[in-house]
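The values are calculated or read from the model by the stated rules, or taken from the named source; none is laboratory data. The structure displayed is predicted, hence computed values, not measured ones. Please note: Cβ atoms are built from the backbone with ideal geometry, for glycine as well, and neighbour counts cover all protein chains shown. We work out accessible area using only protein heavy atoms, side chains counted, and drop any ligands, DNA or RNA first. Shrake-Rupley method; radii C 1.70, N 1.55, O 1.52, S 1.80 Å.
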Amino acid sequence: MTGLNLLLSDISKSYGEEPVLKDCSFRFDKKGIYVLMGPNGSGKSTLLKICALLENPDKGEIIYLSDGNAINKDISLKRRITILLPNVGVFNSTVFGNVAAGLRIRGLKGEQMGKRVEDALNFVGLLNKRNQNALTLSSGETQRMGIARALVIEPEILFLDEPSASIDRKNKDMLEDIILTLKKNESSIIIMTTHDRSQAERLADHMLIMESGRIMAGHKEI
């Protein structure tokens, strides 16, 4: 079970005069998949980016807890979380090289790095494309490569922003199977957004309904 939890306290965010989030509070501290479900414009993607420390709130606190202790000022925190955005950034390199990038930054190399990359590629069904230029992958394959790149660093909290929004049915099914397998492995807390209610109901252990910038009162346990 992950020792890393996330507490949101009265998070608000505006862009110009337009409020996007309004006093959002929640504690992510259980195994499994949390799904932020709501229509486009409900604030779910902005909330996810704030949780992943890509944006700052105008008001409120984001508190990361490791075994009960606040660690927001710990320089290693960003190595324990990662986010997959809808548009995966792709380097002009092989699929293997793209997935290995985060490990190289962390100083891993040689057999240890190679095994972790190959395990991640095998997990998402792309091991046979390890030597292919990543720029030639289909959109669905690119999204699965993004999942492998996120998983290879072994995050304790994994954020997924609309992970299947622009991919075909076959790759969408594969991606959902990957996410469900991650849940069974219990290696990470997964927090994802979707506007697809049927997908949310298939994947979620804990569903948070967002509307007009607010997390609605209570949440649904699936």
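Values for this structure:
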item	result
Selected residue [farther than 16 Å from Ile33 by Cα and among the acidic types (Asp, Glu)] from Asp161, Asp168	Asp168
The stretch 151-166 residues that are more than 19 Å from Tyr64 (Cα to Cα) and open to solvent by 10 Å² or more (accessible area, probe 1.4 Å), paired with ones that are in a loop (DSSP other than H, G, I, E, B) and not hydrophobic (A, V, I, L, M, F, W, C) (beta carbon under 7 Å, 6 or more apart)	Glu162/Pro86; Ala165/Pro86; Ser166/Pro86
Test for Asn40: is it modelled with pLDDT under 90, loosely packed, with under 15 Cβ neighbours inside 10 Å and of a type outside the set (D, E, K, R)	yes
Subset tally (residues that are within 17 Å of the chain's Cα centre (by Cα), under 16 Å from Ser187 (Cβ atoms) and not aliphatic (A, V, I, L, M)) for the stretch 113-153	2
Those residues of the stretch 60-98 which are among the basic types (Lys, Arg), surrounded by fewer than 19 Cβ atoms within 10 Å (Cβ to Cβ) and in contact with a Leu (Cβ under 9 Å, 6 or more places away or on another chain), in sequence order	Lys78
The lone exception for Ile167 - which of (1) within 29 Å of Ile215 (Cα to Cα); (2) in a helix (DSSP H, G or I); (3) touching a helix residue (DSSP H, G or I) at 6+ places or on another chain (Cβ under 7 Å) it fails	(2)
Qualifying residues in the stretch 3-33 (those that are small (Gly, Ala, Ser) and touching an Asp or Glu at 6+ places or on another chain (Cβ under 8 Å)) - the one nearest to Ile63 (Cα to Cα)	Ser9
Residue count for the stretch 14-25, restricted to those that are at negative phi and open to solvent by 30 Å² or more (accessible area, probe 1.4 Å)	7
Count of the stretch 141-157 residues which are within 15 Å of Leu4 (Cβ to Cβ) and among the β-branched types (Val, Ile, Thr)	2
Near pairs, Cβ below 7 angstrom, 6+ apart or cross-chain, from the stretch 64-80 (more than 19 Å from Ser25 (Cα to Cα)) to any residue that is surrounded by 10 or more Cβ atoms within 10 Å (Cβ to Cβ) and among the hydroxyl-bearing types (Ser, Thr, Tyr)	Leu77/Tyr64
Members of the stretch 183-202 that are under 16 Å from Ala150 (Cβ atoms) and either at pLDDT 90 or above or surrounded by fewer than 15 Cβ atoms within 10 Å (Cβ to Cβ) (or both)	Asn185, Ile189, Ile190, Ile191, Met192, Thr193
